[in-house]
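Asker: Here it is, the structure in full.
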Amino acid sequence: MQIQGVAAIVTGGASGLGGATAARLAKMGAKVSIFDLNAELGQKTAAEIGGNFFAVNVTDEASVQAGLEAAEAVNGKARILVNCAGIAPPAKVINRDGSAIPLADFAKIVNINLIGTFNVLSKFAARIFDAETVGAEERGVIINTASVAAFEGQVGQAAYAASKAGVHGMALPIAREFARYGIRVNTIAPGIFWTPMLASLPQEAQDSLGKQVPFPNRLGSPEEYAQLAQSIIENPMINAETIRLDGAIRMAAK
């Protein structure tokens, strides 16, 4: 799909992987709408890239619907969706005192990372399934964000790994369903990338994490995620794929 002149939505687009993707798409000529809960940072990023910000809670149906309608009123029907909204708090299943973690802690992560992703993509697709094609073939492109934790979840990542495995697992059946509408669905599974969350760690800890990556022997850059997102959008034969973007890392148990 062409990017120039096309409306795009990036969830979690205020910073990190989403922020870099929003900036790259805007640079390529897309009309970008950022969906995020961080209004201050979201508005700042949108102003920097010439896009628009909408305060959207991906887990809330009404919020997502309102965000899509507001974005469409400004930029027309969005044909590109990149889902980057997510959280990754560490949590073991059993605490040091032997008690199990509250079910709500597990559910919160799954609700944002998996159900939130589905919530946005389903409503996005419903708005364009019968729209005119962009070019000869396509009506839309959806990119979701999983993680290598979907395949090699570490200790303390039960909820996170489960949520990201779900994001990976739903890509194929949804891509098959959406094929008749000309809407592609793909997934990027990043390894250890620099994000605002990692930035809070001491530099020594960041360097140590980067050294776990075989090659390149460093943390991934959000711009490299954005570069892959662009390639997926532009190549119509990439469909129903989960692409690991990880420098050949395979995560250890902890």
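Asker: Hey, ALA85 hits all of (1) exposed (fewer than 13 other Cβ atoms within 10 Å of the Cβ); (2) small (Gly, Ala, Ser); (3) part of a loop (DSSP other than H, G, I, E, B) but one; which does it fall short on?
Answerer: Among (1) exposed (fewer than 13 other Cβ atoms within 10 Å of the Cβ); (2) small (Gly, Ala, Ser); (3) part of a loop (DSSP other than H, G, I, E, B), the lone unmet condition for ALA85 is (1).
Asker: Right, here's the next one. Give the number of residues within segment 167-208 that are assigned to a strand (DSSP E or B) and under 24 Å from MET1 (Cβ atoms).
Answerer: Selection size over segment 167-208: 8.
Asker: May I pose another question? Go through (1) aromatic (Phe, Trp, Tyr); (2) more than 20 Å from the chain's Cα centre (by Cα); (3) surrounded by 19 or more Cβ atoms within 10 Å (Cβ to Cβ) one by one and return the number of the condition PHE129 breaks.
Answerer: (3)
Asker: From LYS77, LYS92, grab the single residue that is at pLDDT 95 or above and out of contact with any His (no Cβ under 9 Å at 6 or more places or on another chain).
Answerer: After applying the criteria, what remains is LYS77.
Asker: Can you name every residue in segment 219-237 that is surrounded by fewer than 16 Cβ atoms within 10 Å (Cβ to Cβ) and assigned to a loop (DSSP other than H, G, I, E, B)?
Answerer: Scanning segment 219-237 gives SER221, ASN235, PRO236, MET237.
Asker: Same structure, new question: Return the residues of segment 243-254 that are surrounded by 18 or more Cβ atoms within 10 Å (Cβ to Cβ) and of a type outside the set (A, V, I, L, M); say none if nothing qualifies.
Answerer: ARG244, ASP246, GLY247 - these are the residues of segment 243-254 that are surrounded by 18 or more Cβ atoms within 10 Å (Cβ to Cβ) and of a type outside the set (A, V, I, L, M).
Asker: So if I check each of VAL120, VAL110, VAL141, which one is assigned to a helix (DSSP H, G or I), of a type in the set (A, V, I, L, M), buried (at least 18 other Cβ atoms within 10 Å of the Cβ) and at pLDDT 95 or above?
Answerer: Checking each option against the conditions leaves just VAL120.
Asker: Take the residues in segment 12-59 that are closer than 16 Å to ASN83 by Cβ, hydrophobic (A, V, I, L, M, F, W, C) and in contact with a Phe, Trp or Tyr (Cβ under 8 Å, 6 or more places away or on another chain); name whichever of them is surrounded by the fewest Cβ atoms within 10 Å (Cβ to Cβ).
Answerer: In this case the residue turns out to be PHE54.
Asker: In segment 44-100, what count of residues is obtained for those that are in contact (Cβ under 8 Å) with a residue 12 or more places away in the chain, over 28 Å from PHE129 (Cα atoms) and over 20 Å from the mean Cα position of the chain (by Cα)?
Answerer: Residues that pass the stated criteria total 4.
The values are calculated or read from the model by the stated rules, or taken from the named source; none is laboratory data. Computed from a predicted model, the values in this text were never measured in an experiment. So basically every Cβ, Gly included, is an ideal-geometry build from the backbone, and we count neighbours across all protein chains shown.
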